[in-house]
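Following: one structure in structure tokens, then a few remarks.
Computed from the coordinates by the stated procedures, all read-outs in this text should not be read as laboratory data. Remember, predicted model here, so these are calculated numbers, not experimental data. Neighbour counts are summed over all protein chains in view; Cβ atoms, including those assigned to glycine, are modelled from backbone coordinates with ideal geometry.
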Amino acid sequence: MILTTEAIVLASQKYGDSSKIATLFTEDFGIMKAIAKGSYQMKNKFGSSLQVLSYININFYNKPEGHLQLLSNAEIIRPNFNLSKSFEHITIGFALCETILKTLDEHYKNSQIFLKLVQSLNLLDSLPQYPFNILIKFLLDLAKILGFEISIINDESIESIHELIDKSSSKKINHNYTLNIENGNFKITNFSANNNTIEQDLLKKIYEINILPISEIEDIEISIPEMNKIMNLMSKYYHFHLDKYFYLESMRLLLQ
């Protein structure tokens with residue numbers, strides 16, 4: 001039986017002399033691996049559709065779970081070629097794909113996560129000035145969908161957060177915050193700034209990225225040191241809730 005679905009190419013590797021095996025995150029079937037016979041030849045029907053980060057529509061012969069699916073056709077919906085023009089942007093794109101591979105089991109279907117990945121890559125391909133925001137937004141949204149939401153506003157932080165976002169407030173606040181790994185709450189801490197704490201200005205940025213639509217986050221400035229802090233907390237948080245090691249290797253060079 002031939003089935004059709006939309007997909008994002010997460011990874012692709014040569015197989016034999018003339019074929020490729022693509023790892024795909026599909027809208028209707030979750031993560032799956034499929035072989036595209038003849039796709040490594042100079043002239044082939046797949047063209048550039050199996051490039052990593054491409055948004056495509058595929059037709060494939062359905063095989064039992066645990067077997068390689070056989071691609072019969074793939075057509076590009078959006079190539080996301082602009083990402084290759086910027087090291088930062090393509091690195092964030094790879095990190096988004098790596099996040100999917102490290103958090104979701106094969107064949108786990110979730111159309112909401114698929115849509116958020118498509119939206120994230122679409123915005124990233126427009127080469128916004130601050131691409132880090134897209135990865136932060138995706139990690140926050142993904143945690144919520146998977147059932148371990150990070151709560152920036154809660155009983156322990158709500159008063160200070162309101163002071164933080166109220167530009168008319170006359171109060172001078174200078175809090176640091178720490179993330180409770182177990183319940184996902186940010187709370188005020190007496191510890192000085194370090195890798196396990198977030199300063200008030202950075203928490204405000206995370207708050208804005210969290211509540212705004214993805215189309216409105218591209219102008220929030222996140223520096224590399226700030227991204228290092230956020231990724232450190234996210235790695236620990238995801239590791240705890242997934243009960244497995246979580247570190248985005250794609251980000252290693254970018255965050256040095």
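Before moving on, here are some points about what is shown:
- Loop-located trypsin sites (Lys or Arg not before Pro) in the range 80-129 (DSSP state not H, G, I, E or B) with no more than 11 neighbouring Cβ atoms inside 10 Å do not occur.
- Computed E for Ile77/Lys144 - FRET, C-beta separation, R0 25 angstrom, nearest 0.05: 0.45
- Approximate spin-label separation Asp17-Asp243, in nm, with each point projected 7 Å along Cα-to-Cβ: 4.8
- Orientation-averaged projection of the chain equals 14.8 nm² [convex hull of Cα atoms, one quarter of hull surface area].
- Placing R0 at 35 angstrom, the Cβ-Cβ distance between Ile2 and Ser84 gives a FRET efficiency of 0.65 after rounding to 0.05.
- Protection proxy ranking of 53-63, 73-83 - average other beta-carbon atoms within 10 Å, highest first: 53-63, 73-83
- The H on the amide N of Ser39, modeled in the peptide plane, is under 5 Å from the matching H of Lys20, each at least 5 residues off or on a different chain.
- Relative contact order (percent, whole number), the chain, Cα cutoff 8 Å, 6+ residue spacing: 15
- Each residue of the range 244-256 was assigned a 3J(HN,Hα) from its phi angle through the Karplus curve 6.51 cos²θ - 1.76 cosθ + 1.60 (θ = phi - 60°); the sequence is 7, 4, 9, 8, 8, 4, 4, 8, 4, 5, 5, 9, 6 Hz, with glycine and proline shown as x.
- Taking each DSSP H run with n ≥ 4 as -39500 (n - 2.57) and averaging over every residue of the chain yields -10500 deg cm²/dmol at 222 nm.
- q = 0.15, 0.16, 0.20 Å⁻¹, the range 1-79: log10 I(q)/I(0) [Debye, one scatterer per Cα]: -0.42, -0.48, -0.78
- Among the listed pairs Lys33/Lys102; Lys137/Lys244; Lys109/Lys236; Lys85/Lys244; Lys63/Lys102, those beyond 27 Å (Cα-Cα): Lys85/Lys244
- Each label point was placed 7 Å from the Cα along the Cα-to-Cβ direction; for Asn59 and Glu182 their separation is 5.5 nm.
- In plain terms, the chain from Lys43 to Leu70 could stretch by 7.8 nm, reckoned as 0.36 nm per residue minus the Cα-Cα distance.
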